[in-house]
Amino acid sequence: MAEVPSEEGGKRRRRTVAAGSAKPTSRVRMSAAQRREQLISIGRQIFAERGFDATSIEEVAARAKVSKPVVYEHFGGKEGLYAVVVDREVRSLLDRITTALTAGHPRELLEQAALALLGYIEEETSGFRVLVRESPALSATGNFSSVMNDVAHQVEHILGAEFSSRGYDPKLAELYAQALVGMVALTGRWWLEVRKPRKETVAAHLVNLSWNGLSHLEAKPGLITVRGR
């Protein structure tokens, strides 16, 4: 019981109030699945801001307003949380690019791939920052380079068929795929910061450079600087 002051007939009196009558502040408890999603979202943001090395479990827990053991319970540590975040971003990016590749003409496929990557950068900026930042030293997969390799393998199949139909060596499709994807990826990292011009214009110029270059390939190119030696 608690006593509170009251006034009756000009005199101050004290009346008792039941301790349980005050309305307690209720806090909605998250399910394990909801808590896991919250921690992944927070981890994604911090990894994007700071990179792997500068991110701490303490900060993840503090932002989520939970204790550190809760984070360890779900992911086993920072490496586990990072692996989940990166895996989701890798799948998200690859799904976008795979879904975008619907055209039949190779030039349209290049346009679709470039727009898919730039669209991911524009709409999932934090996720892209996670991928392009440094990854743990012992991590052989899941970084930006490995993701781009996966994309290049898809482009390689497209180029291989096109090379065969034009009389070029299809074995060189892998080299050209790496070159094309690398060009788009590095341009995307630059565009991430400047955001000018608009993504459609960036994609158009990338395709202009790559397609017009591909359409005038020499069957057996050589280097001018070494021809006279």
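The values are calculated or read from the model by the stated rules, or taken from the named source; none is laboratory data. Keep in mind that what you see is a predicted model, and the values were worked out from it rather than measured. Using ideal geometry, Cβ is built from the backbone for each residue, glycine included, and neighbour counts are taken over all protein chains shown. The accessibility values were calculated without ligands, DNA or RNA, using every heavy atom of the protein model including side chains. Shrake-Rupley method; radii C 1.70, N 1.55, O 1.52, S 1.80 Å.
Some points to look at:
- Some residue of region 136-146 being in a loop (DSSP other than H, G, I, E, B), within 20 Å of L192 (Cβ to Cβ) and modelled with pLDDT under 90: yes
- Lone unmet requirement of (1) exposed (fewer than 15 other Cβ atoms within 10 Å of the Cβ); (2) touching a helix residue (DSSP H, G or I) at 6+ places or on another chain (Cβ under 8 Å) for W211: (1)
- Any hit, region 129-138, residues being more than 30 Å from V84 (Cβ to Cβ) and in contact (Cβ under 8 Å) with a residue 60 or more places away in the chain: no
- Selection status of A33, out of contact with any helix residue (DSSP H, G or I) (no Cβ under 8 Å at 6 or more places or on another chain) and either surrounded by 15 or more Cβ atoms within 10 Å (Cβ to Cβ) or in a helix (DSSP H, G or I) (or both): yes
- Taking the criterion of being touching a residue at least 24 places away in the same chain (Cβ under 8 Å) and open to solvent by less than 80 Å² (accessible area, probe 1.4 Å), the residues of region 58-85 that qualify are A64, V66, V70, V71, H74, F75, K78, L81, Y82, A83, V84, V85.
- Inter-residue pairs, beta-carbon under 6 Å, first outside any helix (DSSP H, G or I) and in region 94-120, second open to solvent by 70 Å² or more (accessible area, probe 1.4 Å) and of a type outside the set (K, R), 6+ apart: none
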